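These notes are about the structure you will find just below.
The values are calculated or read from the model by the stated rules, or taken from the named source; none is laboratory data. Keep in mind it's a predicted model, so treat the numbers as computed, not measured. Cβ placement follows ideal geometry from the backbone for every residue including glycine, while neighbour counts extend to all protein chains displayed.
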Amino acid sequence: MQWEAVIGLEVHVQLATQSKIFSGASTAFGAEPNTQACAVDLGLPGVLPVLNEAAVAMAVQFGLGINAEIPETSIFDRKNYFYPDLPKGYQTSQMYHPIVGPGEVEIALDDGTTKRVRVHHAHLEEDAGKSLHEDFHGMTGIDLNRAGTPLLEIVSEPDMGSAKEAVAYIKALHSIVTYLGISDGNMAEGSMRCDVNVSVRPKGQETLGTRAEIKNVNSFRFVEKAIAYEIERQIELIEDGGKVVQETRLYDPEADETRSMRTKEEANDYRYFPCPDLLPVVLDQAYVEHLRESLPELPAEKRARFENELGLSAYDASILSSTRPMAEYFEAVKDSCNDAKLAANWVQGELAGQLNRENLDIVDSPVSAAQLGGLICRVSDETINGKAAKQVFMALWNGEGATADEIIEAKGLKQVTDTGAIEAMIDQVIADSPVQVAQYVEADEAKRGKMIGYFVGQVMKASRGTANPQQVNALLKQKLDQA
Amino acid sequence: MHDKTLTELAAALAAGEFSSRELTESLLGRIERLDGELNSFITVTADQALSAADAADAARAKGDAGPLTGLPLALKDIFCTQGVRTSCGSKMLDTFVSPYDATVVEKLAAAGTISLGKTNMDEFAMGSSNENSFYGPVKNPWDLSAVPGGSSGGSAAAVAAGLVPAALGTDTGGSIRQPAAFCGITGLKPTYGRVSRYGMVAYASSLDQAGPMARSAEDCALLLGTIAGHDLRDSTSVARGVPDYRDELEASLSGLKIGLPKEYFGDGLDPEVETAVRDAIKVYESMGASIREVSLPHTDLAIPAYYVIAPAEASSNLSRYDGVRFGHRCENPADLIDLYKRSRAEGFGEEVKRRILIGTHTLSEGFFDAYYKKAQQVRRLIRQDFLDAFEDVDVLMGPASPTPAFDLGAKKDPVSMYLQDIYTIAINLAGIPGISVPAGFVGNRPVGLQILGPHFAEQQLLNVAHQFQQATDWHRRQPAFGKENA
């Protein structure tokens, strides 16, 4: 039997506000436990939440970024359950009237095509604290620094059919939220966390199979592996005559498998009801329009512009628009050298390779966009040849000079285009290579084409790489043919 | 000094008849001598009060005294007070010392008032008799065998007994007005949103409202002006100017249109209470007010709707008392569930548990629409009843409670206790202000006249109440309890 998977995702994005969603405490990551939790975050008797406007603005920006409906009114509800790191015994969330309505995210597939994944809604909520199970001698420590951090939960429709599509979707979300600057997108610090819903059904069947939810998968790679494992598990289960039960599962990256956490029967009844401490959020049209106008160019638009206006290939356009720092870097290089294709080649070639080798992010590149742009200028105006350019790039990388020009000057890499000087070098090489010259003279045209490489190499070597290779080639041919 | 109103005490302090320290010492002495029997205080903060009194006297000597400087009062033990236990009448918070002050506490302190301590109350403000306190019941100073009402019973009894000239209470379904009525004092529940709830331990967030309890409407006006106003820390507080509530106290009531809701004079109303209330209304007639009967047709739905909404909110609000961060924690918990179960089972009293259970049930899957949603619909109807009535009349009047104070231990089953609040609960559901003023006695037990107005009509309510107090002296009567030979 042929099976197909149906995948939907709930992605929790931590919003990059300075303070928490309902209190003035800082949201900075990595502080000493419980030093960034105020009376409101601790849920002390008598405290009340006050909504952080910045979180609202960020949520709306996201909604606008995915062309979603922005409802005029959204309402906070309480989701009631007991857990030690949930200080109030309820999480303030939006169950029935979310801040962002239905929208769409375009994802890029491996075959170069794109697909639209529908977003059901996105809602604001507060994060819980953390339970620390180590170092407490059999007890559990509670760190409430994270309690009250604003989260935007983005709920997709079950529009994805494979682990790869799911990863492409998360990458697209990651790219949108970082472009918008509404999240740092740092997966390692938990700034994006995914719950994955997976079901399988016979290919062609309309009705959905029973789904399992995999909680808290926190990297692109784990999302892919967890889904792949879960699809396999469900298919095997059904083929062996079993039935998938609706349940919550946990992905264990070490064992690379998912395990049952709780079944539907054990599921909590969260007793949602509107939070009486918070007023409904009413967004007027002018506010939404103001945010719309201040929206930056988003990845999909950028990709299209790179392709259509800058003439880049679909592949280049997609890579260079994938993250905001990458796109910003590329555009800065392009602006300073005025050659989009060369800029694209350099950013994706030499720079990407070197960053990769040293495991650096583009924002940490030792070579700035202006430096790289300056270098490319010297390549396109033929001040240096391609070989010297790589030397200059490495010198910039190693901090041997502030600009390409400085390094070219210091290292004497300026391309030699003076015909006289080149001819002199050629004459010397011919004089030093009587055997090769003799062979050349006797060879036919086809052989000569191959043999000339030897002489070019000798001349370039003599010029320490600075001679213009095209000129060397042409002059050599002339002289040898006369020999 | 103990029988004076706040306004009179303010004048005496200003005139130098006595100092704030003398006044404070005198009242602390009365608390010391009398409160053992009354049990109106949970915590007396004598040391802090005396140093605050000295500071007030020093401020006055420098010419820095405001209208409230140096005036003693008490706070219901539901308001968070920095460095002072805030128990909410519960074993759960018996050891809880708040690290911060409630907004109203800050405002009263900034105005120079002196808190003598924290008054007794029904646990988490759930009750109508003050018998649900972990610290034991409060007695009614007019009759020590009677309850003082609840949940702000300690505040009402302390004011009535002359232990403090005024106190702050809170009112979720009648918890200021009913004890004010039972104890023969004046108590105002402001419009929902008029006074910040920040730092007030939550019972039912959409209904809770703090307000003054004092010996006169004039004193309530003075206090309300101090505690009212928008608070950036409470999103449900309303950004609306705060007038000087004393400005309109003397306005004439000639032409005032008073509505008597017929539902507030029906079955279950004690005939002697009715007589006292109708006599009070005659006083208004004599001042030139016109009286007409009105109807609030959904009145009989108020108690059922309240006992869905309030417990629902309470069940969520009280989830934070889990033994993890503060409050009561059971000994040697075996595991997390055991910690939750025993901490809560030991820390909460019976009525609190009952309401948590009711609220948990009404919010549960499968019951939410039938209970919570329906109750919210009813709530809108009740609010509309009042809005309709205020199209025709300026204020509504009726009894604050169907009976005078009942005997301690008299109401054993919860529902008969809930029915006590039949005339007060709808007001919280509608969010409008209400005031109870002393209007006579049944035997030795006081009767309260309740006056209701539209949203934010506190100024008018205080005017109407004050004019009654200019024409009568019920509010000046004092119980035999606490009368001492000077």
Any hit, region A:288-307, residues being among the β-branched types (Val, Ile, Thr), modelled with pLDDT under 95 and not in a loop (DSSP other than H, G, I, E, B): no
Test: residue in region B:183-190 that is within 14 Å of chain A (Cβ to nearest Cβ) and on the phi < 0 side of the Ramachandran plot: no
Check on A:Ile107, assigned to a strand (DSSP E or B) and more than 30 Å from B:Pro333 (Cβ to Cβ): yes
Only one of A:Asp418, A:Asp405 that is of a type in the set (D, E, K, R), surrounded by fewer than 18 Cβ atoms within 10 Å (Cβ to Cβ), at pLDDT 90 or above and under 50 Å from the mean Cα position of the chain (by Cα): A:Asp405
Condition met for A:Leu208 (out of contact with any Phe, Trp or Tyr (no Cβ under 8 Å at 6 or more places or on another chain) and in the same structural domain as A:Lys130 (by TED's automatic domain parsing)): yes
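Search region A:81-104 for residues being of a type outside the set (Gly, Ala, Ser), within 14 Å of chain B (Cβ to nearest Cβ) and assigned to a strand (DSSP E or B), and hand back the single one that is farthest from the chain's Cα centre (by Cα).
First, the residues of region A:81-104 that are of a type outside the set (Gly, Ala, Ser): A:81-88, A:90-92, A:94-100, A:102, A:104.
Then drop every residue that is not within 14 Å of chain B (Cβ to nearest Cβ), which leaves A:81-88, A:90-92, A:95-96.
Cutting the leftovers down to assigned to a strand (DSSP E or B) gives us A:90-92, A:95-96.
On the way: A:Tyr90: 33, A:Gln91: 30, A:Thr92: 30, A:Met95: 29, A:Tyr96: 31 Å.
If we take residues in region A:81-104 being of a type outside the set (Gly, Ala, Ser), within 14 Å of chain B (Cβ to nearest Cβ) and assigned to a strand (DSSP E or B), then A:Tyr90 is farthest from the chain's Cα centre (by Cα).
Taking the criterion of being among the basic types (Lys, Arg), away from chain A (no Cβ under 14 Å) and out of contact with any strand residue (DSSP E or B) (no Cβ under 9 Å at 6 or more places or on another chain), would at least one residue in region B:411-418 satisfy it?
yes
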Count - residues of region A:29-49 that are of a type in the set (Gly, Ala, Ser) and within 7 Å of chain B (Cβ to nearest Cβ): 3
Qualifying residues in region A:149-177 (those that are of a type in the set (S, T, N, Q) and crowded, with 22+ Cβ neighbours inside 10 Å) - the one nearest to A:Phe220 (Cα to Cα): A:Ser175
Per-region count, region B:185-240, residues part of a helix (DSSP H, G or I) and of a type outside the set (Asp, Glu): 9
Options B:Arg278, B:Arg355; residue that is over 30 Å from B:Gln469 (Cα atoms), of a type outside the set (A, V, I, L, M, F, W, C) and at pLDDT 95 or above: B:Arg355
Lone unmet requirement of (1) modelled with pLDDT of 95 or more; (2) within 11 Å of chain A (Cβ to nearest Cβ); (3) closer than 30 Å to A:Gly141 by Cβ for B:Arg325: (1)
Matching residues, region B:418-446, being at pLDDT below 95, out of contact with any Ser or Thr (no Cβ under 7 Å at 6 or more places or on another chain) and buried (at least 24 other Cβ atoms within 10 Å of the Cβ): none
Considering residues of region A:337-368 that are part of a loop (DSSP other than H, G, I, E, B) and among the acidic types (Asp, Glu) only, the residue farthest from A:Leu396 (Cα to Cα): A:Asp339
Test: residue in region B:338-347 that is more than 10 Å from every other protein chain (Cβ to nearest Cβ), touching a helix residue (DSSP H, G or I) at 6+ places or on another chain (Cβ under 6 Å), assigned to a loop (DSSP other than H, G, I, E, B) and not hydroxyl-bearing (Ser, Thr, Tyr): no
Residue among B:Ala310, B:Ala276, B:Ala280, B:Ala302 that alone is within 14 Å of chain A (Cβ to nearest Cβ) and of a type in the set (A, V, I, L, M, F, W, C): B:Ala310
Single unsatisfied condition, B:Ala375 versus (1) within 13 Å of another protein chain (Cβ to nearest Cβ); (2) closer than 30 Å to B:Phe182 by Cα; (3) surrounded by 23 or more Cβ atoms within 10 Å (Cβ to Cβ): (3)
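So that you can scan it fast, the table gives a plain yes or no per residue for (1) away from chain A (no Cβ under 14 Å); (2) not hydrophobic (A, V, I, L, M, F, W, C):
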residue	(1), (2)
B:Asp94	no, yes
B:Thr103	no, yes
B:Glu106	no, yes
B:Asn120	yes, yes
B:Gly127	yes, yes
B:Glu131	yes, yes
B:Val138	yes, no
B:Asp143	yes, yes
Residue check, A:Arg271 surrounded by 13 or more Cβ atoms within 10 Å (Cβ to Cβ), closer than 24 Å to A:Asn218 by Cβ, touching a residue at least 12 places away in the same chain (Cβ under 8 Å) and in the same structural domain as A:Val105 (by TED's automatic domain parsing): no
Residue list for region A:369-392, restricted to those being surrounded by 13 or more Cβ atoms within 10 Å (Cβ to Cβ), in a loop (DSSP other than H, G, I, E, B) and out of contact with any Gly (no Cβ under 8 Å at 6 or more places or on another chain): A:Thr383, A:Ile384
Answer from B:Asp35, B:Asp94 - the residue that is more than 18 Å from the chain's Cα centre (by Cα), surrounded by fewer than 17 Cβ atoms within 10 Å (Cβ to Cβ) and not aliphatic (A, V, I, L, M): B:Asp94
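So, in region A:315-339, exactly how many residues are loosely packed, with under 14 Cβ neighbours inside 10 Å and either in contact with a strand residue (DSSP E or B) (Cβ under 9 Å, 6 or more places away or on another chain) or charged (D, E, K, R) (or both)?
Our first condition is that a residue be loosely packed, with under 14 Cβ neighbours inside 10 Å; within region A:315-339, this holds for A:315, A:335, A:338.
The next check asks that each one be either in contact with a strand residue (DSSP E or B) (Cβ under 9 Å, 6 or more places away or on another chain) or charged (D, E, K, R) (or both); those that pass are A:335.
Adding up the residues that qualify gives 1.
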Residues satisfying the stated conditions in region A:114-148, i.e. surrounded by 15 or more Cβ atoms within 10 Å (Cβ to Cβ) and in a loop (DSSP other than H, G, I, E, B): A:Asp127, A:Ala128, A:Gly129, A:Leu144, A:Asn145, A:Arg146, A:Ala147, A:Gly148
Those residues of region A:231-287 which are at pLDDT 95 or above, part of a strand (DSSP E or B) and in contact with a Phe, Trp or Tyr (Cβ under 8 Å, 6 or more places away or on another chain), in sequence order: A:Phe273, A:Pro274, A:Val281
